Each structure stands twice: as structure tokens, then as C-alpha cells.
1. Kindly list, by first and then second residue, each pair from a residue in segment 56-82 that is farther than 12 Å from A99 by Cβ to a residue that is of a type in the set (A, V, I, L, M) and open to solvent by less than 40 Å² (accessible area, probe 1.4 Å), limited to pairs with Cβ atoms under 8 Å and residues at least 6 apart or on different chains.
2. Is it true that some residue in segment 5-28 is open to solvent by less than 60 Å² (accessible area, probe 1.4 Å), touching a residue at least 12 places away in the same chain (Cβ under 8 Å) and part of a strand (DSSP E or B)?
3. Looking at Y42, Y33, can you tell me which residue is in a helix (DSSP H, G or I), of a type outside the set (D, E), within 15 Å of S103 (Cβ to Cβ) and open to solvent by 70 Å² or more (accessible area, probe 1.4 Å)?
4. Quick test for you: out of R85, R66, R78, pick the one residue that is open to solvent by 50 Å² or more (accessible area, probe 1.4 Å) and on the phi > 0 side of the Ramachandran plot.
5. What residue, among those in segment 99-116 that are of a type in the set (A, V, I, L, M, F, W, C) and modelled with pLDDT under 85, is least open to solvent (accessible area, probe 1.4 Å)?
6. Please verify whether segment 63-76 includes one or more residues that are of a type in the set (G, A, S), modelled with pLDDT under 85 and under 20 Å from the mean Cα position of the chain (by Cα).
7. Tally up the residues in segment 45-63 that are outside any loop (DSSP other than H, G, I, E, B) and open to solvent by 40 Å² or more (accessible area, probe 1.4 Å), please.
8. In segment 64-79, how many residues are assigned to a loop (DSSP other than H, G, I, E, B) and either in contact with a Gly (Cβ under 8 Å, 6 or more places away or on another chain) or charged (D, E, K, R) (or both)?
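The values are calculated or read from the model by the stated rules, or taken from the named source; none is laboratory data. If you're wondering where the values come from, they're calculated on a predicted model, not measured in any experiment. Note that each Cβ is placed from the backbone with ideal geometry, even for glycine, and that neighbours are counted across all protein chains shown. Remember, those area values only see protein heavy atoms, side chains included, never the ligands or the DNA or RNA. Shrake-Rupley method; radii C 1.70, N 1.55, O 1.52, S 1.80 Å.
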Amino acid sequence: MQQTRQRRSAVTKWALIAGNLMFGVLLAGCGLYNVDQVAGTYLSGERTTAQVQDCIPPSNSKSSYRCSGTWKLADGARGTGQIERAEGADEGKTVPVHATTSSAVMGDGTAVLGDGALYIALVGFGLLFLTAGPWKVRRLFTGRGIDRRSGSRGEWAPDPVK
């Protein structure tokens with residue numbers, strides 16, 4: 001009976017640690033990908049104009065339009081693809097963008113900075129889960145931070161003298 005409880009405890013501990021690690025990687029990965037898409041294109045792209053050709057409306061109230069279009073860079077290269085931060089009202093219009101050959105971002109620096117800050121916060125939370133999560137789970141299962149007399153969290157208390 002005691003051995004089964006210890007085995008379950010060990011499995012639970014490692015499952016929680018693995019879950020924290022996977023969730024941390026997911027958050028950090030999503031944040032890094034989006035920072036590269038929005039802020040990276042804005043910072044590394046050149047100023048030009050894009051023709052917004054097609055906008056697909058959002059599937060729910062929390063998502064945004066997915067607009068695509070074409071643009072021409074200063075060296076003559078043409079770019080096509082998704083235009084980040086474009087809205088449905090922009091369809092058929094020529095809008096100012098920062099663009100590379102594969103992506104474009106519409107908006108001023110303040111708007112893009114807001115998006116970038118959100119994604120950087122997402123990366124920070126991911127790193128927090130990667131570092132603090134497994135440590136906290138391990139600490140919980142080793143008994144530190146648990147009152148052994150009452151079984152609740154609180155000040156650590158030594159075993160009562162028998």
C-alpha cells in the first residue's frame with residue numbers, strides 16, 4: 001500500500017514537471033514566433049505601400065481579420081502575403097506598411113510596440129513556467145513549505161517528538 005502511494009506520488013510529480021515544461025515551451029514559442037512576425041518585420045522591413053486585396057472576416061469575436069495583399073520594395077522586388085494589423089475596412093485600399101519580401105505590417109510604431117510588448121510578456125511567462133514551475137513542484141513534493149502536523153501549507157514545522 002505504501003509503495004503504491006509513493007509510486008503514484010512520483011508519477012504525479014514528474015507529470016506536473018513535464019506539464020510545466022511543455023506549457024512553458026508552448027508559451028515561449030508562441031511569443032517568439034509572433035514577436036518575429038510583427039515586431040521583426042516592422043523593425044527590419046522598409047517603408048512602402050501595399051495594396052490590400054483580400055480580407056477574411058474573423059471566425060469569432062476574439063480574433064481579427066486576416067488580410068493579404070501585394071507590395072513593391074525599393075530594390076524592385078515584389079512581395080505578397082499576409083498584412084499584419086490590416087482590417088476589413090482596408091480591403092481594396094493602398095495602405096502604408098513596413099515590409100520584407102515575405103511579410104508586411106501595417107501601423108505605426110506605437111501600435112506595433114504594443115503588440116510586441118504583449119508577445120514579449122508571453123515569452124516571459126513561458127520562461128517563468130520553464131524555470132520556476134518544476135522547482136515549485138519539486139519543492140511541494142519534498143515536503144518543504146508544508147506543515148506536517150496539519151498537512152496544510154504554511155510554515156515548515158519539524159516532526160513532533162515521539
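1. Y65/A86; C67/V52; C67/I83; C67/A86; S68/V52; S68/I83
2. Among the residues of segment 5-28, not one is open to solvent by less than 60 Å² (accessible area, probe 1.4 Å), touching a residue at least 12 places away in the same chain (Cβ under 8 Å) and part of a strand (DSSP E or B), which makes the answer no.
3. On inspection, the qualifying residue turns out to be Y33.
4. R85
5. Here the answer is V112.
6. yes
7. Result for segment 45-63: 7.
8. 3
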